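The values are calculated or read from the model by the stated rules, or taken from the named source; none is laboratory data. Please read these numbers as outputs of a predicted model, since none were measured by experiment. Heads up, the Cβs are rebuilt from the backbone with ideal geometry, glycines too, and the neighbour counts pull from every protein chain shown. The accessibility values were calculated without ligands, DNA or RNA, using every heavy atom of the protein model including side chains. Shrake-Rupley method; radii C 1.70, N 1.55, O 1.52, S 1.80 Å.
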Amino acid sequence: MPIHYYEQTQTFRIDAGKTSYAFRVGPRGVLLHLYFGPHIPDEDLSGLEFSLGLASFSPNPPGMAGSRFSLDSALQEYPVNGTGDYRLAALSIRGQNGSSATSLRYRSHEIRDGKYALDGMPAVYAGDAAAQTLDVTVEDPLTGAEVHLLYGVIEGFDAITRAAVIRNAGDAPFVIEKAASAALDLPRMDFDLIHLYGQWAQERQLSRAPLTHDIRTIASKRGASSHYHNTFAALAERSADETHGGAYGMSLVYSGNFAIETECDAYGATRAVLGINPVDFAWTLAPGEQFAAPEAVLVCSGEGLGGMSRTFHRLYRRHLCRGEWKEKIRPILVNNWEATYFDFDEEKLLAIAKDAAALGIEMLVMDDGWFGRRNDDKRSLGDWFVNEEKLKGGLKPLVDKVNALGLQFGIWFEPEMISPDSDLCRAHPDWVLCAPGREPSIARNQYVLDMTRQDVRDYLFETISGVLRSANIAYVKWDFNRNLTEAASPALPPERRGETFHRYVLGLYDLLERLTAAFPHILFEGCSGGGGRFDPAMLYYSPQIWTSDDTDAIERCRIQYGTSFVYPPSSISAHVSAVPNHQTGRVTDFATRGNVAMAGAFGYELDLTKLTAGEKELVKQQVAQYHAYAPLVQDGDFYRLINPFEDENRCAWMSVSPDRSEALATFIVPKTRVNFTSCLRLAGLDPDRFYKDSLTGSVRSGSLLMNAGINLSRAWKDGESVLIHLKAVR
Ligand code: GLA
C-alpha cells in the first residue's frame, strides 16, 4: 500500500513510484511537511520539520509563548493567511468578523483505495490501475471551514496528485479569498525555477533562472491558462539537466486564471503555492456548500528534466486524456485554414479532399468560415448554422462526398464566443459577458459568452449537437480566440461576481463534458488562437491541442520542445504548411516541415492542389513515415537531446519504444555554420543491445550511440533536418 499513517508519531507517508513524501501533525494540529524526494526506507522522520521561533518577528501560536515553534518558519502542508506565517499562504478565508486571519487544525483522516475525483472538474483518474487516496481533514474552529486535503497516488508513477475541497460546516457564510490546490515547502533554495512563457504564435518558450530571496509568480488573469504562461513550473537542482539531477515538476490541471507562486524565505527554504489565481477571485461559501480547488500534480524526478517530463507524458496520456481516441493513432488530417482562410466553398474543399485522398491523407477539417455570414472575422460567431452560399445544400452533401472519397470529416467551432454582428447577439445581448454598467472590450471583433449561465450552455449544447448530428462528423476543433474582460456576470448577485472567472471555467467544463459524452466517437482537438489554452485540463476533454498558430517548422522546434516539458507528443498537434510561411515568411525545406510535424499529431495545413508533383511525392512519403513511426512517437518515451533555446544551430529529440527495440531521432539545423561538426548523442536506448540506424546503416551498441553518438558532421543548409530510425538487431 503506498499510503501509510503512523499513529505514534502522527506521520503520513506516501510512496509514489521511486519517490516518498511525508508530513505529520504538529503542534496545535498544524500539518508540518517532512519530506519529498527519492524513495527512503521505512524510518523515523522526526526532527525533519524546520522551525525557528526565536525572534519576536516570528510569532508563536497562542499558548506557545517562548517555544521554538513559529508558523513563520515551519515547513507546512497547507499554510494559511494572517495567523503568524507571513509567507505565501495557500488559504485565506474572510469570516463574519471581517478578518481574513485563518487557522487550520488537524481533525481526522481517511485512507481509501482508488483515486479521488473532483466534482465538475478534470482530474487524473486511475482507470484499471491500483491507486490510493489520502483525505486529511483540517478545520478552522472559528469560521467552520473544513478543508479536505486530498492526496492521490497511482501505482507506478513518481507523481502525487493534490487538491483541496473546502466545506462550510459552520452556520454563517464566509468568503474564500484564496484557496490553492497545493503548497510545497522544501528546506532548501538552491534551485532553478523553470517555466514556460510566451505570446500568440510563440507559446511555451523555456525560461530557467536561479531562485533568489523573492517572490515570483507565474500566472494568468485572462480567463484562460493563456499563451503567456503555462500552468507548469519546475524547481530543478542547479546541476540538473535532461538526464541527471533532481527536479520537482508542478502542473495544475486547470484552464482559467491560475498562479504558481514561489517564495524563498529568510531561512533559505522554498515555498511553492499553486492554484486558482487569488487576484479577481472571491467565492462566497454558504453553510453546507463546498468548493473544490483544481488538481495539482507534483512529480519528483531523480532522472533530470527528461525523467520529469516522461512521468507527466505517461500520466497525462493514460490517466488524464479520455475517450476512444486517447491511445489510438490519430488520423492524418488536412485543415483548410492556411489553404483558403475564409475564402472557400464546397468545390474548393472537395478539390483539396480529392488530392488528400490520392495522397493517403485521412481527414479533411473545415475550419472557420462555414456558418452564418462568416466571410471574415467580423461577424456571425454564435450563429452555428451552415452558410448555404458556400456549402450548397448544407453540410451533409459535402460530408457525404468527402466520405465517399475515403476521408473522414472534421469541423471548427468557437463555441464560447459571440460576434456583436450576429443573430445570437441581436436576440440575446444579455448573454455577452460584461460587468453591469461597463461596456465590453472587444477583441478580434468578438465578445465572450457568459458561460456561467446554464441557458447559454444549453443553447450551445443544442446547436452544436444539431450540427454534429446533421452529418457524419468525426472531429471537432474547439477554438477560443480572445481572453475575458469585464468578467463579472450580471447573472450573479453583486457579492458573488468575484466568482465569475472560476464559474466560467466550470461552465466550459460542463459543456465539454456534455458534448464529449454525447459524441464519444468524435475526436476533439483543443485550440485557442493556436496554443493559448494548452493545459492538462483541456487534455481531459481533447486528447490533442493545436500547438500554435505559428506553423513555421523552425519556430516550431522551440515551441514543441517547450511544450514537451509537460505534454505528451500525442497531444501536440503539428502540421506541414506552405512556404513562404504565413507567419514568418521563411522558406523551409518540405522534408523538414514534415520531420518537425512528425513529432506530434500529424497533419497538413496547406492547399494540396497547389503542390508540385515532386511535393506530392514527398507527402506520400511522409504519410508512409507517419504510419510507420506514429506508434513509436505517440506511445514511446520522449527524450530531448539538444535544446534549441541554448543552441541556435541545432535541435534534436527522439522517441524510444517502451521495449527499447526501436527509436526515432529527429535532428534539425535551424541555422547552419561552416565546418559544421556535430555528434548526436542518443538517449533511452538499451546500452547492451545493438541498433541499426537508417542513416548510416551501421550497427552499433546502445552504449556507443548514447555515449559517442552518431557523427552528423557535414555541410548542412539552413533548415535541413534528418529523421534517423533505429532498430535493435541483437
Ligand atoms: C485561430 C486558430 C486557427 C484558425 C483560426 C480561425 O487562430 O488557432 O487555427 O482556426 O482561429 O479563425
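For the range 565-588, the set of residues classified as of a type outside the set (V, I, T) and within 16 Å of the ligand (Cβ to nearest atom) consists of S571, S573, A574, H575, S577, A578, N581, H582, Q583, listed by residue number. Residues in the range 437-473 that are of a type outside the set (K, R), open to solvent by 10 Å² or more (accessible area, probe 1.4 Å) and in contact with a Ser or Thr (Cβ under 8 Å, 6 or more places away or on another chain): P440, S441, A443, N445, Y447, T452. Note on the range 89-135: residues that are surrounded by 18 or more Cβ atoms within 10 Å (Cβ to Cβ) and not in a strand (DSSP E or B) amount to 15.
Residue-wise test of (1) more than 21 Å from Y561 (Cβ to Cβ); (2) acidic (D, E); (3) open to solvent by 10 Å² or more (accessible area, probe 1.4 Å); (4) modelled with pLDDT of 95 or more.
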| site | (1), (2), (3), (4) |
| --- | --- |
| R660 | yes, no, yes, yes |
| R681 | no, no, yes, yes |
| D693 | yes, yes, no, yes |
| G709 | no, no, yes, yes |
| W716 | no, no, yes, yes |
| E720 | no, yes, yes, yes |
| L723 | no, no, yes, yes |
| L726 | no, no, no, yes |
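Can we say R640 is part of a loop (DSSP other than H, G, I, E, B) and among the basic types (K, R)? So R640 does not fit the description; no.
Only residues that are surrounded by 18 or more Cβ atoms within 10 Å (Cβ to Cβ) and either more than 14 Å from the ligand (Cβ to nearest atom) or assigned to a loop (DSSP other than H, G, I, E, B) (or both) were counted in the range 366-384, giving 12.
May I ask you to list the residues in the range 589-617 that are more than 16 Å from the ligand (Cβ to nearest atom) and in contact with a strand residue (DSSP E or B) (Cβ under 9 Å, 6 or more places away or on another chain)?
The answer is D589, F590, A591, T592, R593, G594, N595, V596, M598, A599, L608.
For V566, the test of being assigned to a helix (DSSP H, G or I), on the phi < 0 side of the Ramachandran plot and crowded, with 24+ Cβ neighbours inside 10 Å is failed. Look at (1) within 15 Å of the ligand (Cβ to nearest atom); (2) open to solvent by 40 Å² or more (accessible area, probe 1.4 Å) and you find that K354 fails only one, number (1).
Residues in the range 186-201 that are open to solvent by less than 70 Å² (accessible area, probe 1.4 Å) and under 13 Å from F645 (Cβ atoms): 4 in all. Of the residues G529, G507, the single one that is touching a residue at least 24 places away in the same chain (Cβ under 8 Å) and within 16 Å of the ligand (Cβ to nearest atom) is G529.
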